[in-house]
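Asker: One structure follows; several queries about it will come next.
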Amino acid sequence: MAMRRYRLGRIATLIALGYFAVVVVLGVISLITAEGGLLWKVVTRDFLLDWFSDPGESPPAIPGGLMVVLVLIGALQAWALWQVLRGRVSGELTERGRQVGLLRLALYAGVGYGLISIAAAPLVYALEIYWFWSVTGILSGCLQVATVWLFFVILRDTVSRGLRLFSLVVGAVAAVSSLGGEITDLLDLRTAGQILYLAGGYGHLWLAWSVSILIAQAKDPRWSAATVWTGVAAQVISVVQPSGTVGFFGSGFPSIQTFFTLLGAASVFGLVWDARTAHELAGPLPERGAVSDRMAARPWPLAAVAVALPLIPAAVNLAQGSFHWIGPRGVIEHYFRVEAGSGNALSWLVVDVFVGVGGPALLILAAVLRRTRRALWFTTSALVIAAAVGFVSALTATTAPEEFDDFYEGSQIYGDTLPLGISPAWYGVALLASALLLAFLYPTPLTRPARRRMLVIAQVATLVALVVVPAADLARSPVTTAEDCAPPEPWEGQPEGPQLTRDQRLVCSLRQSEVIRLAAGTPDSMILTHARWLCGVYTRNDPREVADLKATQGIARDALTYPLAEVCPSAGAVVSAAAAESDREMQEWEADTQRMCDTRPRHRPLIRPAKVVRMKEPQWTDYGAVETYEETEEAYEEDVLDEAQDDGLVASRPGNLMVLTHPDYDVCVTLETYARRPPVETKGWDHVVEVGYESPAGDMVLRDDLSGTEFPNLSLDGRAGHYRVRVHYDWFDWDGPQEAGQRLLIMAFPAKGGERVTYRKPAQPR
């Protein structure tokens, strides 16, 4: 029967049931296959999901509880489809004038715009036709201008002139600013766009217009209470849902981002409100009965108790020298002081002081004296909301450290020495008790039409959205600090901390690269959300978006490549390609240096050595020096490095032998140890020097600890004592990437004598 009440009820029901059936089938498939990516995309319209998954990895399985939530949201979306598509009540169309018809047409066009935007999103992202949003945004702005004017016209017989003028002014400014902003974005006129967005109050004026229309609808008999309730829900969700937040899988389902993504998927009430408003404009007018709005007076002692209750915790607080309701504690206060900006922080301070000194008593007194249903409903709702804020603040309060300045971040709205006073929970108890007393003294008659309550409920709901609910975005998440990003090294003697997760590594990458400026206390969840938004900009590589990013945040797209590599597959692909190219070049370099050493002529000793080592691989030094480190009690008056640099090749002290090479080129090394002195050879060498060396332990190992290079032991079977060390050095050209090379021949043999003998000097210094 219900289907026959509406002009398109049957078709709407089939479409809604079909959509819900698809959601249920996808839910069952997700349970069976443990892969819920398609269900997530269909319900949340999160078409950027693939960008936030690791390359080659499928997104993690959706938890069972989250899958149930997705199916429930799918049911809500199916209900919204039915509400939008069913049309008006069947029967003859009630004629109410040309303006009503135009308003219905504008509202239906707005619904069509919303549905097209949702359906076209996958195609826009796939084809990268992002200008589509600008074009449809301009059309939507034109519809907004027309809607504002038409509402002003058709409400003239039911709403006061003051409310109509208010809605016309704020709505026109908001709509024109939005329309102008879309046009300036399309024409890349950034300065003009910023002025227009500022004039529009960044969306707050449109919210004010929407609330004024809801108030007007609550007073107009053409619209039902259900329609007004739907509009209230739409406005609350629009304020709670932060702009720019997208859902993502990453290494799991982070609670804050997932919550806001699901909230966005449930944001169907705006379309439903548009459709119901248009549907009901064509329906028959209901009859209205006159009912007195003023409640009867009640015995004053109980009313006096309701007024006095908020003054009790205020008096205790004032006696302790505190005039704040909450002070610097709790997640709600933290949001307004740290995250919401200085303007909102000062507004919070006003509310904090007002409640702290007992201001709600004035509201209660005014409501008791007026005794109108509107005043009583508003006051009761405000008391309940304030009580909830107090309880949340008390439950989420943390103990401040001894150094208050370290704890006190954000806007400086409190003094340096601030007594916190009693717990906000005591205020909550007092305010809730006053609200219950008002409800007991002045009950609302059951016969009162529900739409009369919508006026106050719309105001209270907006107050909740603007003052309280946004604090949900500040549910404190872990903070990866700079110290966490640089854990102590094993040699520092501190216990090794837990390994960083993938998301923590990304946070550290952004902190250490300083590409974006991050406060020390910025939660990881907020950094990850912004990083994934930056990934979208990076991946799309839309010139306008890239230019806006540079103009507004001073970030060049190329600077994001390495910081975002772990979370953004497109950036990761660039980094991987660069790493592969670097590896290829390194392999070519190593192969070339190996050929260089392999082609050098082998040294042919003139007498038989006790030991010969020709190192197979080219050696590399970090600073162009290798040396021995043997323990000795002798104190050095001169630095062996200075002497080696004066000589240009080699120097020694007891227990310390140093050989210099060029730090920028690999070196081919041959080591020979003799039992007796070998003949001197200089042919084919540029520099030949012989020095004496005293080995305290027979550990004549030349090494470079920075590069990890280590030569074999030069001593004769580990024998300690006096040696002579003859170093041969050759610098030669090479037809390869390295363009030049060097080789060493080091001879060691037991012999006394510490004098230096230079057999050949280089023609020119290296």
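Asker: For the stretch 2-33: of the residues being in contact (Cβ under 8 Å) with a residue 40 or more places away in the chain, charged (D, E, K, R) and exposed (fewer than 14 other Cβ atoms within 10 Å of the Cβ), which is farthest from Ala282 (Cα to Cα)?
Answerer: Arg4
Asker: Another one. Answer yes if at least one residue in the stretch 195-212 is part of a loop (DSSP other than H, G, I, E, B), closer than 25 Å to Leu81 by Cα, of a type outside the set (Val, Ile, Thr) and modelled with pLDDT under 85, and no otherwise.
Answerer: No - not one qualifying residue is present in the stretch 195-212.
Asker: From (1) in contact with a Pro (Cβ under 9 Å, 6 or more places away or on another chain); (2) hydrophobic (A, V, I, L, M, F, W, C); (3) modelled with pLDDT of 85 or more, pick out the condition that doesn't hold for Phe407.
Answerer: Evaluating Phe407 over (1) in contact with a Pro (Cβ under 9 Å, 6 or more places away or on another chain); (2) hydrophobic (A, V, I, L, M, F, W, C); (3) modelled with pLDDT of 85 or more leaves (3) as the failure.
Asker: If you don't mind, another one. Within the stretch 656-670, identify whether any single residue is farther than 16 Å from Trp620 by Cα and either touching an Asp or Glu at 6+ places or on another chain (Cβ under 9 Å) or in a loop (DSSP other than H, G, I, E, B) (or both), and answer yes or no.
Answerer: Yes - at least one qualifying residue is present in the stretch 656-670.
Asker: Name the single residue, out of those in the stretch 732-766 being basic (Lys, Arg) and farther than 17 Å from Glu590 by Cα, that is farthest from the chain's Cα centre (by Cα).
Answerer: Residue satisfying both the conditions and the ranking: Lys752.
Asker: Any idea how many residues of the stretch 673-682 are in a loop (DSSP other than H, G, I, E, B) and buried (at least 16 other Cβ atoms within 10 Å of the Cβ)?
Answerer: The qualifying residues number 3.
Asker: If only one of Leu102, Leu76, Leu14 is assigned to a helix (DSSP H, G or I), at pLDDT 85 or above and not assigned by TED's automatic domain parsing to the domain that holds His279, which one is it?
Answerer: So the residue among Leu102, Leu76, Leu14 that is assigned to a helix (DSSP H, G or I), at pLDDT 85 or above and not assigned by TED's automatic domain parsing to the domain that holds His279 is Leu102.
Asker: Return the residues of the stretch 565-574 that are in contact with a Leu (Cβ under 9 Å, 6 or more places away or on another chain) and farther than 15 Å from Val537 by Cα; say none if nothing qualifies.
Answerer: Glu566
Asker: Looking at the stretch 688-723 only, could you name the residues that are closer than 22 Å to Tyr623 by Cα and of a type in the set (Phe, Trp, Tyr)?
Answerer: If the condition is that a residue be closer than 22 Å to Tyr623 by Cα and of a type in the set (Phe, Trp, Tyr), then Phe711 is the only one that fits.
Asker: Same structure, new question: Among the helices (runs of 4 or more DSSP H) confined wholly to the stretch 296-385, which include 1 or more residues that are aliphatic (A, V, I, L, M), closer than 25 Å to Gly421 by Cα and modelled with pLDDT of 80 or more?
Answerer: 300-308, 311-319, 342-356, 360-370
Asker: Something else about it: Within the stretch 272-285, is there a residue that is in a loop (DSSP other than H, G, I, E, B), modelled with pLDDT under 60 and either in contact with a strand residue (DSSP E or B) (Cβ under 9 Å, 6 or more places away or on another chain) or over 24 Å from Leu165 (Cβ atoms) (or both)?
Answerer: Within the stretch 272-285, one or more residues are in a loop (DSSP other than H, G, I, E, B), modelled with pLDDT under 60 and either in contact with a strand residue (DSSP E or B) (Cβ under 9 Å, 6 or more places away or on another chain) or over 24 Å from Leu165 (Cβ atoms) (or both).
Asker: Moving on. Of all residues being of a type in the set (Gly, Ala, Ser) and either touching a Gly at 6+ places or on another chain (Cβ under 6 Å) or closer than 14 Å to Trp209 by Cβ (or both) in the stretch 149-179, which is modelled with the lowest pLDDT? Just the residue, please.
Answerer: In this case the residue turns out to be Ser178.
Asker: Quick check on my filter: what residues within the stretch 625-651 are modelled with pLDDT of 85 or more, in a loop (DSSP other than H, G, I, E, B) and not acidic (Asp, Glu)?
Answerer: Answer for the stretch 625-651, where residues must be modelled with pLDDT of 85 or more, in a loop (DSSP other than H, G, I, E, B) and not acidic (Asp, Glu): Thr628, Tyr629, Gly648, Leu649.
Asker: Residue pairs, Cβ under 7 Å, 6 or more apart or interchain, first in the stretch 743-758 and in the same structural domain as Pro609 (by TED's automatic domain parsing) and buried (at least 19 other Cβ atoms within 10 Å of the Cβ), second of a type in the set (Phe, Trp, Tyr) and part of a loop (DSSP other than H, G, I, E, B). List them.
Answerer: Qualifying pairs under 7 Å: Met747/Tyr674; Phe749/Tyr674.
Asker: Could you list, in sequence order, the residues of the stretch 559-613 that are of a type in the set (Lys, Arg), loosely packed, with under 15 Cβ neighbours inside 10 Å and not in a loop (DSSP other than H, G, I, E, B)?
Answerer: Listed by number, the residues that qualify are Arg584, Arg595.
Asker: Would you be able to say whether some residue in the stretch 683-693 is surrounded by fewer than 18 Cβ atoms within 10 Å (Cβ to Cβ), more than 18 Å from Tyr629 (Cβ to Cβ) and among the charged types (D, E, K, R)?
Answerer: The answer is yes; a qualifying residue exists.
The values are calculated or read from the model by the stated rules, or taken from the named source; none is laboratory data. From a predicted model like this one, the values you see are computed outputs, not experimental measurements. Backbone-built Cβ (ideal geometry, glycine too); neighbour counts: all protein chains shown.
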